[in-house]
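Readers should treat all values here as calculations from the given coordinates under stated rules, not as data from a laboratory. Since we're looking at a predicted model, the values are computed, not measured. Note that we place each Cβ from the backbone using ideal geometry, even for glycine, and neighbour counts take in every protein chain shown.
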Amino acid sequence: MIIVKKLVIPTTKDLKKLESYCDGFILGITDLCINCSLTFTMDEVKEIIQHYPNKEFFISVNKNMHQQDLPHLKEVLLQAEQLPVKGIFYYDISVVEYKQELSLTKDLVWNQEHLATNYSTCNYWYQFGAKYSCLSSEITLEEIKTIQKHAKGILMVPVFGYIPMFTSKRHVVKNYLKYFNLSSSSPIHYIKKEGFTYPIMDVQDGTTVYSSSILNAIEELDILKQIGIEYVILNAFLIPEDIFVEVLKIYEELTEENKKQLYHRIQQLLPNCDKGFLYKETIYKVK
């Protein structure tokens, strides 16, 4: 069996159906994270950790902080010190500064979305307590290999779920609805372009647009293990719970011999799966 630690970003606070098929969870903290359709208070985090003592837990405070967020952020970080939290996902440098200022012991996870594309920056943040780096979902498999070869810390690689394409502090959807005097209570909206449908979330901290397809890198999991990747991330966002549980079960069945078959099994459950950018090199053209 191929064994890599699987971390899940859940969309339910009842983790019973998920716990048997993953090694841990990433819990977004209310008012301090983005790209999490479900968030948790620190009291809820404490209670959940007590219920699942054999799982690894990471918390996420990965939004770009405002001045008014800092007292709450500081309190969350201090509370995390008292819990068996494995690490803290961060975007804003204020988290790094608080780690130094308050002499915090929890390891950090550098999680600056599309900026996590090279080993030099991984190693830079490693100096400041970022034991882990969560790589961008928009780099190739070959680039992941290069980063793993030279990075000092532990890498995390997204392998399943919708990919966040961009986040804006502007309330794009809400402003549109307001301008045209429209109303909608749904937290999820969609935009169709050139035959593709893109999910959009417009929440308190802004708007995020996601990929039209679902990343499914189950075939590459054995390669990631061979090169030394220790953690992969599966995101349940917008995936029906029963189907997501089935996907986790399929990932548990993975061997070198059956990986192609399992990829197609997931495609039967979710036809809009693909391999994201794993084999699509980004090319910049200067006119």
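Being more than 29 Å from Ile147 (Cα to Cα) and either among the β-branched types (Val, Ile, Thr) or in a helix (DSSP H, G or I) (or both) is a condition met by at least one residue of the range 231-240. Taken over the range 126-161, the criterion of being within 10 Å of the chain's Cα centre (by Cα) and either surrounded by fewer than 16 Cβ atoms within 10 Å (Cβ to Cβ) or not in a loop (DSSP other than H, G, I, E, B) (or both) is satisfied by Cys134, Met156, Val157, Pro158, Val159, Phe160, Gly161. Looking across the range 44-54, the residues that are of a type outside the set (S, T, N, Q) and either part of a helix (DSSP H, G or I) or touching a helix residue (DSSP H, G or I) at 6+ places or on another chain (Cβ under 9 Å) (or both) come down to Glu44, Val45, Lys46, Glu47, Ile48, Ile49, His51, Tyr52. Within the range 253-272, being surrounded by fewer than 13 Cβ atoms within 10 Å (Cβ to Cβ) and in contact (Cβ under 8 Å) with a residue 60 or more places away in the chain holds for Thr255, Glu256.
Evaluate the range 182-194: report whether one residue or more is touching a Pro at 6+ places or on another chain (Cβ under 8 Å), closer than 25 Å to Asn62 by Cβ, surrounded by 21 or more Cβ atoms within 10 Å (Cβ to Cβ) and touching a residue at least 40 places away in the same chain (Cβ under 8 Å). Taking every residue of the range 182-194 in turn, none turns out to be touching a Pro at 6+ places or on another chain (Cβ under 8 Å), closer than 25 Å to Asn62 by Cβ, surrounded by 21 or more Cβ atoms within 10 Å (Cβ to Cβ) and touching a residue at least 40 places away in the same chain (Cβ under 8 Å).
Checked against the criteria, Lys275 does not count as touching a residue at least 60 places away in the same chain (Cβ under 8 Å), among the basic types (Lys, Arg) and farther than 21 Å from Ile9 by Cα. Identify, please: which residue in the range 12-31 is closer than 17 Å to Leu73 by Cβ and not hydrophobic (A, V, I, L, M, F, W, C) and is, among those, surrounded by the most Cβ atoms within 10 Å (Cβ to Cβ)? Looking at the filtered set, the residue picked out is Gly28. Take Pro84 and decide whether it is more than 23 Å from Leu155 (Cβ to Cβ) and assigned to a loop (DSSP other than H, G, I, E, B). Against the criterion (more than 23 Å from Leu155 (Cβ to Cβ) and assigned to a loop (DSSP other than H, G, I, E, B)), Pro84 does not qualify. For the range 103-116, a residue qualifies if it is farther than 21 Å from Ile26 by Cα and either in contact (Cβ under 8 Å) with a residue 12 or more places away in the chain or surrounded by 18 or more Cβ atoms within 10 Å (Cβ to Cβ) (or both), but none of them does. Applying a threshold of 6 Å to beta carbon distances and a minimum spacing of six or more residues, or different chains, the list of pairs starting in the range 55-74 at a residue that is assigned to a loop (DSSP other than H, G, I, E, B) and ending at one that is β-branched (Val, Ile, Thr) reads Lys63/Ile34. The set of residues in the range 78-122 that are over 20 Å from Cys33 (Cα atoms) and small (Gly, Ala, Ser) comprises Ser103, Ser120.
Only one entry in Gly153, Gly161 is closer than 23 Å to Ile239 by Cβ and not polar (S, T, N, Q), namely Gly161.
Scanning the range 267-287 for residues that are within 19 Å of Thr197 (Cβ to Cβ) and touching a helix residue (DSSP H, G or I) at 6+ places or on another chain (Cβ under 7 Å) gives Leu269, Leu270, Cys273. For beta carbons closer than 7 Å, sequence separation of 6+ or different chains, a first residue in the range 154-178 that is more than 28 Å from Leu108 (Cβ to Cβ) and a second that is loosely packed, with under 15 Cβ neighbours inside 10 Å, the qualifying pairs are Leu177/Ser183; Leu177/Ser184.
Checking Leu278 against (1) part of a loop (DSSP other than H, G, I, E, B); (2) touching a Phe, Trp or Tyr at 6+ places or on another chain (Cβ under 6 Å), which test does it fail? Of everything listed in (1) part of a loop (DSSP other than H, G, I, E, B); (2) touching a Phe, Trp or Tyr at 6+ places or on another chain (Cβ under 6 Å), Leu278 misses just condition (2). Here the condition is being closer than 20 Å to Leu104 by Cα, in contact with a strand residue (DSSP E or B) (Cβ under 9 Å, 6 or more places away or on another chain) and surrounded by 14 or more Cβ atoms within 10 Å (Cβ to Cβ); of Ile49, Ile9, Ile34, it holds for Ile49 alone.
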